[in-house]
Amino acid sequence: MTESGQRFKAIKFLKIIFCSLLVVVSLLLTVASIRTLTVDGSDQLAHWEGTNNISLELDPQHRQELLTRLREAIRIRTVSTSAEDINTTALLHFDKFLRQAFPTTFSSSLVRHELVGNYSHLFKVEGSQPDLVPYLLLAHIDVVPASESADWVAPPFSAEVIDGYIYGRGAMDDKSSLMGILEALEYLLKKGYAPRRGFYIGLGHDEEVFGLNGAVNIVRVLKQRGVQLLFVLDEGLALIDGVFPGLDGPAALIGLSEKGMASIKLSVSMVPGHASMPPRETTIGILASAVKRLEENPMPTVFGYGPERQTIEHLAHKFRFPLKFIMSNLWLFSPILARFMERKPETNSFIRTTTAVTMFNAGVKENVIPSLAEAYINMRIHPAQSLQEAMDHIHSTVGDARVKIELINGFDPEPVSSADEKSFGFQIIKKTVLDIFPTVTVAPGMCTANTDSRHFKDLTKDIYRFLPLWLKPGDAQRIHGINERISIKNYEEYVMFYFSLIQNCDIQNLPEPHSSVHEL
């Protein structure tokens, strides 16, 4: 064959390849476009089982009483600094306060109350149908420390009201939830309410320091009594508005899981020396190099292997173009979206196990080569990975026998709870959210922090983490931070949420699930 003939055949072959690629790309774009246009997150109306619900009527006096009691709860300094440093005097004060604030709850024949671990509270509310499996509402009494700094617009334990907001430590984490649950129960009991489905309320006293005496002992008591729970609802994710760029309207994220955690100590030891005769490498230099390798080599993204995929799929229809097109077609665009999400700490934390250097200690004098350098690493482990995988990553990345690696404490991520149409807990929480906040979009999510609920996994397969708390840009930093606050209106929504939730749980069965459409 002549050279020109070979060139002609080659050009013809390339044209075929090019046309084939155009056809494939065209087909992919067609499928992606169809998915984008047909993805619909709206919920079909379901026929819910009827209940004789009591309505909550908040008159001005009741509103003032709610505000007064929440402010009093915030003023009690139930601070947990460490497992060995808990303000037990304040916890005893809080116990007395609860009994005065909710007399009907503590005196009702339907409610059994007991102290657990000396300072935590466990309430059992009897149901009229013992065959209905009970559930548990969980909250915690303790708060993290707060310094009386000038950065606070009001002292952190003053519960001062400014421009419709109550300021104070615990306003968001977690006294609004605790008080909202008890306010709802107190009102229901006063109105003569008797639940069909029994339930428990657990109030831990040391959640901020791992809950080892509060929640752990509540679990022990329930296990001894052979209790199994239909679901657990604890603090966690919230109502977000304006937090995700491109998301059109507010969303309620219900946590199905939470990350695991590892606290790791790295240390380097050698003979000390004088700064005038330094060795080629010092303890600080060796350790700093190890830390730098950890920062430069994070664990790989695992986007799509945890609850974050469900979050995107449920919210895709609420994003504006071009994000709607991308998020409606994760089968095609997952790698691109993962690269986009890992750019910001807020979204990066949802798609990988994170590694943070939190403490670095070395040296006793400016002219002495230190004999010891220490660093502490905090890892938050994605549900698609394990504590062992996280530790393996630390060892392989540090890669230096001179660096001693010690696991101080840690635990695996929590199992992922169900969120389908047959999931009683998820659907009840979702219905309640839409009862109180009809304009929001409800989606599953994942907690990047830890809660007391992780101790309850032997009592139920379904644990959910959600607060009816509005979070706008910058609000998440107030939790454990400066100027923690909640609006008076939002706190009233807390009370209405739990008031509705308790009554919604009185159904025996969920509505029949409807078949999904537009599967591609």
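The values are calculated or read from the model by the stated rules, or taken from the named source; none is laboratory data. From a predicted model like this one, the values you see are computed outputs, not experimental measurements. As a convention, Cβ positions derive from the backbone with ideal geometry for all residues, glycine included, and neighbour counts pool all protein chains shown.
On the basis of being surrounded by 19 or more Cβ atoms within 10 Å (Cβ to Cβ) and not assigned by TED's automatic domain parsing to the domain that holds residue 242, does residue 326 make the cut? Spelling it out, residue 326 is indeed surrounded by 19 or more Cβ atoms within 10 Å (Cβ to Cβ) and not assigned by TED's automatic domain parsing to the domain that holds residue 242.
For segment 202-239, filtered to residues that are surrounded by fewer than 22 Cβ atoms within 10 Å (Cβ to Cβ) and among the aliphatic types (A, V, I, L, M), the residue that is nearest to residue 424 (Cα to Cα) is 230.
Against the conditions (1) out of contact with any Phe, Trp or Tyr (no Cβ under 7 Å at 6 or more places or on another chain); (2) over 30 Å from residue 267 (Cβ atoms), residue 419 satisfies every one except (1). Per the listing 444, 383, the residue uniquely within 19 Å of residue 354 (Cα to Cα) and touching a residue at least 24 places away in the same chain (Cβ under 8 Å) is 383. Going by the structure shown, is residue 347 among the β-branched types (Val, Ile, Thr), at negative phi and in a helix (DSSP H, G or I)? Yes; evaluated as a whole, the condition is true for this residue. Restricting the search to segment 425-458, which residues are acidic (Asp, Glu) and assigned to a loop (DSSP other than H, G, I, E, B)? Residue satisfying the conditions is 458 alone. Scanning segment 364-420 for residues that are part of a strand (DSSP E or B), within 29 Å of residue 83 (Cα to Cα) and more than 30 Å from the chain's Cα centre (by Cα) returns 372, 373, 374, 404. If you go through segment 292-325 and pick out every residue that is in a loop (DSSP other than H, G, I, E, B) and free of Cβ contacts under 8 Å to residues at least 60 places away in the same chain, you end up with 7. When you look at residue 170, is it surrounded by fewer than 16 Cβ atoms within 10 Å (Cβ to Cβ) and touching a strand residue (DSSP E or B) at 6+ places or on another chain (Cβ under 6 Å), yes or no? Spelling it out, it is not the case that residue 170 is surrounded by fewer than 16 Cβ atoms within 10 Å (Cβ to Cβ) and touching a strand residue (DSSP E or B) at 6+ places or on another chain (Cβ under 6 Å).
Consider residue 162 carefully, then state whether it is at pLDDT 95 or above and either under 27 Å from the mean Cα position of the chain (by Cα) or within 19 Å of residue 217 (Cα to Cα) (or both). Let's see the steps before the verdict.
Values: at pLDDT 95 or above: yes; either under 27 Å from the mean Cα position of the chain (by Cα) or within 19 Å of residue 217 (Cα to Cα) (or both): no.
No: the conditions fail for residue 162.
Considering 69, 77, the condition of being within 30 Å of residue 487 (Cβ to Cβ) and either within 25 Å of the chain's Cα centre (by Cα) or loosely packed, with under 14 Cβ neighbours inside 10 Å (or both) is satisfied by 77 alone. Among residues that are surrounded by 21 or more Cβ atoms within 10 Å (Cβ to Cβ) and closer than 27 Å to residue 188 by Cα, residue 463 is included. Here's a check for you: in segment 120-177, which residue that is in contact with a helix residue (DSSP H, G or I) (Cβ under 6 Å, 6 or more places away or on another chain) and charged (D, E, K, R) is farthest from residue 109 (Cα to Cα)? Of everything passing the filter in segment 120-177, 142 is farthest from residue 109 (Cα to Cα). Against the numbered list (1) assigned by TED's automatic domain parsing to the domain that holds residue 210; (2) in a loop (DSSP other than H, G, I, E, B), residue 511 comes up short only at (1).
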